[in-house]
Amino acid sequence: MKNDEYYIKEAITEARKAYRKGEVPVGCVIVVNDCIIARAHNLRESKKNTLAHAEILAINKACRKLKRSILDDTTIYITVEPCLMCAGAIFQARIKRVVFGTQEPKFGVLGSVIDLSKIDGFNHKITVTKGILSEETAILMKKFFRELRVR
């Protein structure tokens with residue numbers, strides 16, 4: 001059985017693809033039964049689409065692959081803490097577990113700006129594991145934005 005670090009490394013591979021395309025380097029994989037069923041990276045700039053976040057793209061792929069909209073037996077691995085839109089999609093898909101690398105102090109909603117996983121009232125609860133390979137994922141983000149400011 002593979003561990004969280006293994007899957008975050010897979011998500012980092014996706015983030016590096018985004019980086020090479022000039023996209024914010026966020027990558028994501030979705031796993032069921034110890035098997036990656038979907039992978040994606042940010043494509044907002046390439047697609048000229050605000051919704052083309054790694055998580056949204058991966059959730060779409062997972063739903064198509066499994067032929068269902070409820071992903072309650074899956075874990076989503078993301079290099080960076082999800083934003084409000086992506087967390088909403090995670091809740092809507094009923095994903096069981098979220099694992100991410102680095103926190104996102106300006107947009108993150110699973111611990112940084114707010115923690116949606118701790119709010120009572122939702123009909124679905126998610127388990128959150130944070131900080132897996134956080135240094136590696138943070139370095140990639142910092143490098144990207146440092147280079148972006150130079151351009």
**Item:** Looking only at the range 1-54, and only at residues there that are outside any helix (DSSP H, G or I) and among the basic types (Lys, Arg), the one that is nearest to the chain's Cα centre (by Cα)
**Value:** Arg39
**Request:** Within the range 82-99, track down each residue that is aliphatic (A, V, I, L, M) and open to solvent by less than 10 Å² (accessible area, probe 1.4 Å).
**Result:** Ala87, Ile90, Ala93, Ile95, Val98, Val99
**Asked** Just for the range 34-76: of the residues that are surrounded by fewer than 17 Cβ atoms within 10 Å (Cβ to Cβ) and of a type in the set (Asp, Glu), which one is nearest to Gly131 (Cα to Cα)?
**Response** Asp34
**Prompt:** Looking at Asn3, is it surrounded by fewer than 22 Cβ atoms within 10 Å (Cβ to Cβ) and more than 20 Å from Gly131 (Cα to Cα)?
**Reply:** no
**Item:** Single condition Phe122 does not satisfy, out of (1) touching a helix residue (DSSP H, G or I) at 6+ places or on another chain (Cβ under 7 Å); (2) within 20 Å of Thr13 (Cα to Cα); (3) modelled with pLDDT under 95
**Value:** (2)
**Prompt:** Going through the range 13-33 one residue at a time, which ones are surrounded by fewer than 22 Cβ atoms within 10 Å (Cβ to Cβ) and within 19 Å of Ile90 (Cα to Cα)?
**Reply:** Val32, Asn33
**Prompt:** Looking at (1) surrounded by fewer than 17 Cβ atoms within 10 Å (Cβ to Cβ); (2) in contact with a Phe, Trp or Tyr (Cβ under 7 Å, 6 or more places away or on another chain), which is the one condition that is false for Glu147?
**Reply:** (2)
**Message:** Please pick out the residue among Thr102, Thr79, Thr129 that is in contact (Cβ under 8 Å) with a residue 40 or more places away in the chain and either open to solvent by 10 Å² or more (accessible area, probe 1.4 Å) or not β-branched (Val, Ile, Thr) (or both).
**Reply:** Thr129
**Asked** If we keep just the residues of the range 1-34 that are touching a residue at least 60 places away in the same chain (Cβ under 8 Å) and of a type in the set (D, E, K, R), which is farthest from Ile139 (Cα to Cα)?
**Response** Asp4
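The values are calculated or read from the model by the stated rules, or taken from the named source; none is laboratory data. Fair warning: this is a prediction, and the values are worked out from it, not measured in the lab. Cβ atoms come from the backbone with ideal geometry, glycine included; neighbour counts cover every protein chain shown. What goes into the accessible areas is simple: the full protein's heavy atoms, side chains included, and nothing from ligands, DNA or RNA. Shrake-Rupley method; radii C 1.70, N 1.55, O 1.52, S 1.80 Å.
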